[in-house]
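Only one structure is covered here, and it is reproduced in the block below.
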Amino acid sequence: LYEILTAFSFTPGVIEDIWKSLHSEPGKKFFSETHRLIKDREFLIIEAFKEIEERKYYIESDQDRIFEPLSMKLEKVLQADYVIPKSQGIGSFDFDLIDFPLIIRKWRAGDYFYPLGMNNPKKLSDFFIDEKFSILQKEHTWLLCSGQDIVWVIGHRIDNRFKISEKTESILKVSLV
């Protein structure tokens, strides 16, 4: 462990703390000058140290493509004969239920949504636990929001309140590209 972690600027004292934590609860974080180490469920994850992004990105109703923070294509499609794609990288929503501008942001403590198929809210933190997200996966997950409401945990699950139904006339199709 010492041989591996000294290459990432971890000091002997911190490496000893890491060693002692190997059989403890997941989620513990250790820092060097250049990297951080996270004790996940079964792995030690090392990544270059960087600030967690707090920025919000806005999507106006006339935009059909964005490149930051993710590359996405947006299309307004008529309901007639629309087949909902099975891909996790495509979200399909009732256009009339969406308020623009849409917001792309990271998750915050207290966030909740109504996962597709559920009529009750679920805390995003509980969703991450149920889906066995690592700490890094949580940090790198983006949300598509309409006002204060989460529309899509991008690439994972849409919100039941924005799903396509028999009453839907127009669809907002959002594709990760």
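The values are calculated or read from the model by the stated rules, or taken from the named source; none is laboratory data. Since the model is a prediction, treat every value here as computed from it, not as a measurement. Reconstructed Cβ throughout: ideal geometry from the backbone, glycine too, with neighbour counts over all protein chains shown. To get the accessible areas, we keep the full protein, side chains included, count just its heavy atoms, and leave off ligands, DNA and RNA. Shrake-Rupley method; radii C 1.70, N 1.55, O 1.52, S 1.80 Å.
Could we say that residue 122 is modelled with pLDDT under 95 and among the basic types (Lys, Arg) here? Judged against the criteria, residue 122 is not a match. With respect to the conditions (1) closer than 18 Å to residue 176 by Cα; (2) in contact with a strand residue (DSSP E or B) (Cβ under 8 Å, 6 or more places away or on another chain); (3) open to solvent by 70 Å² or more (accessible area, probe 1.4 Å), residue 86 lacks only one, and its number is (2). From the set of residues in the stretch 11-59 that are under 15 Å from residue 1 (Cβ atoms), out of contact with any Gly (no Cβ under 8 Å at 6 or more places or on another chain) and basic (Lys, Arg), which is surrounded by the most Cβ atoms within 10 Å (Cβ to Cβ)? Within the stretch 11-59, the match that is surrounded by the most Cβ atoms within 10 Å (Cβ to Cβ) is 28.
Residues that are of a type outside the set (Ser, Thr, Tyr), within 23 Å of residue 166 (Cα to Cα), modelled with pLDDT of 95 or more and touching a helix residue (DSSP H, G or I) at 6+ places or on another chain (Cβ under 9 Å) are absent from the stretch 62-74.
Which of the residues belonging to the stretch 101-145 are hydrophobic (A, V, I, L, M, F, W, C), more than 21 Å from residue 175 (Cβ to Cβ), open to solvent by less than 70 Å² (accessible area, probe 1.4 Å) and out of contact with any helix residue (DSSP H, G or I) (no Cβ under 7 Å at 6 or more places or on another chain)? Hits for the stretch 101-145 are 124, 127, 133, 135, 136. Name the residues in the stretch 131-167 that are within 26 Å of residue 26 (Cβ to Cβ), of a type in the set (D, E, K, R) and at pLDDT 95 or above, would you? 157, the sole residue that qualifies. What single numbered condition from (1) within 19 Å of the chain's Cα centre (by Cα); (2) under 13 Å from residue 174 (Cα atoms) fails to hold for residue 75? Only one criterion is unmet by residue 75, namely (1). Can you work out which of the residues in the stretch 153-169 that are over 11 Å from residue 93 (Cβ atoms) and open to solvent by 70 Å² or more (accessible area, probe 1.4 Å) is nearest to the chain's Cα centre (by Cα)? Among those residues, the one meeting the criterion is 156.
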